[in-house]
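See below for the structure under consideration.
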Amino acid sequence: MEQRSILVTGGGRGLGRGLVERLARGGHRVLFTVRTVAAGDDTVAALRGVHPAAELVPIVVDLSVLADVARLGETLTEQGIALDVLFHNAGILQQSPVRLVTQEGREQTLAVNVLAPLVLTRALWPALRRGTRPRVVTVSSRLHLENARGGPPSFDFDDPGLERGYTADRAYKNSKLALLWFTFALARRAGRDVTVNGVCPGFVPTTAAASTTGLMRLVMRHIMPHMPFATRIEDAVASLAFMACDTALDGVTGAFYADQRPLAASAAAQDVGLQERFWTLAAQLAGCPPDWAG
């Protein structure tokens with residue numbers, strides 16, 4: 001198998017850690033972000049205990065701080081790295097009933113789930129252009145669809161940070177729709193030089209449990225996995241690995257996948273006017289120029 005240089009965000013736990021292990025086992029060089037040095041050391045020690053030859057590079061960064069995200073990407077680019085795959089796995093489903101903001105004043109869910117991928121992709125764009133058949137993959141969700149549990153997203157361009165009408169569920173769904181707007185708009189700008197696609201790994205209760213406490217954590221760990229709508233972690237990781245490395249996706253761009261098959265995104269996600277409107281808004285929110293890709 002051809003070795004690829006792959007950066008996975010949120011690689012220290014859950015699906016991200018599963019993906020890092022799968023890629024390392026396949027012989028790829030895997031850089032992955034974690035929130036603490038301890039998390040990085042623990043992941044490397046655990047995976048090298050099973051795969052001694054694994055090429056693993058942990059990177060400590062707080063993805064909610066966009067200045068730090070930009071600095072990370074710029075540092076890697078200046079080092080001359082050639083990146084074959086940038087996999088935006090990291091994301092949060094906020095549990096707080098009240099709106100939380102980052103130290104830079106941005107609503108947390110939007111910052112981590114959408115703006116951080118934008119900022120990191122922009123900073124690593126030269127590194128991706130140096131890669132071999134480079135790919136960008138974003139992790140969205142079926143929850144952006146019109147028939148989503150609890151109703152579809154309701155994104156307000158005049159209030160993207162949900163200063164009014166905040167709920168954690170609304171923030172999450174909005175972020176997954178917005179991430180697809182970013183994905184499709186970037187794919188259009190990149191052409192075939194860098195392919196850009198989105199994926200839904202499915203609902204994996206055993207990993208979602210990490211974001212919950214008390215009774216809900218017990219339900220997620222021991223009851224939800226037996227529900228027909230639940231996805232096994234092995235299947236979810238396989239879907240992510242497919243997006244990262246499978247040659248069937250060479251040249252495929254601007255698509256949304258689930259279960260290793262194309263899935264139609266919502267009408268809102270496919271609306272080019274909304275994609276372009278969000279591209280401009282996101283650049284403003286992230287503090288970067290809108291004409292960086294291509």
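Quick look at the numbers
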read-out	value
Which listed residue, of 239, 266, is in contact with a helix residue (DSSP H, G or I) (Cβ under 6 Å, 6 or more places away or on another chain), modelled with pLDDT of 55 or more and of a type in the set (Ser, Thr, Tyr)	266
Test for residue 132: is it in contact with a Lys or Arg (Cβ under 6 Å, 6 or more places away or on another chain) and hydroxyl-bearing (Ser, Thr, Tyr)	no
Check on residue 203, surrounded by 15 or more Cβ atoms within 10 Å (Cβ to Cβ), modelled with pLDDT under 95 and of a type in the set (A, V, I, L, M, F, W, C)	yes
Any hit, the stretch 130-139, residues being closer than 20 Å to residue 162 by Cα and crowded, with 24+ Cβ neighbours inside 10 Å	no
Sole residue being closer than 24 Å to residue 15 by Cβ, at pLDDT 95 or above and out of contact with any strand residue (DSSP E or B) (no Cβ under 6 Å at 6 or more places or on another chain), chosen from 86, 100, 93	100
Residue 128 vs. criteria closer than 19 Å to residue 179 by Cβ, in a helix (DSSP H, G or I), at pLDDT below 95 and of a type outside the set (Ser, Thr, Tyr)	no
Sole residue being surrounded by fewer than 16 Cβ atoms within 10 Å (Cβ to Cβ), of a type in the set (Gly, Ala, Ser) and either at pLDDT 95 or above or assigned to a loop (DSSP other than H, G, I, E, B) (or both), chosen from 165, 198, 161	165
Scan of the stretch 23-44 for residues that are crowded, with 21+ Cβ neighbours inside 10 Å and more than 19 Å from residue 124 (Cβ to Cβ), ordered by number	24, 43
The lone exception for residue 176 - which of (1) under 19 Å from residue 249 (Cβ atoms); (2) modelled with pLDDT of 95 or more; (3) of a type outside the set (S, T, N, Q) it fails	(1)
Residue match in the stretch 96-107 (condition: of a type outside the set (Asp, Glu), without any contact (Cβ under 8 Å) to a residue 24 or more places away in the chain and at positive phi)	yes
Conditions (1) modelled with pLDDT under 95; (2) surrounded by fewer than 18 Cβ atoms within 10 Å (Cβ to Cβ); number of the one not met by residue 54	(2)
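The values are calculated or read from the model by the stated rules, or taken from the named source; none is laboratory data. Not measured: the values here are computed from a predicted model. Neighbour counts run over all protein chains shown; Cβ positions are idealised from the backbone, glycine included.
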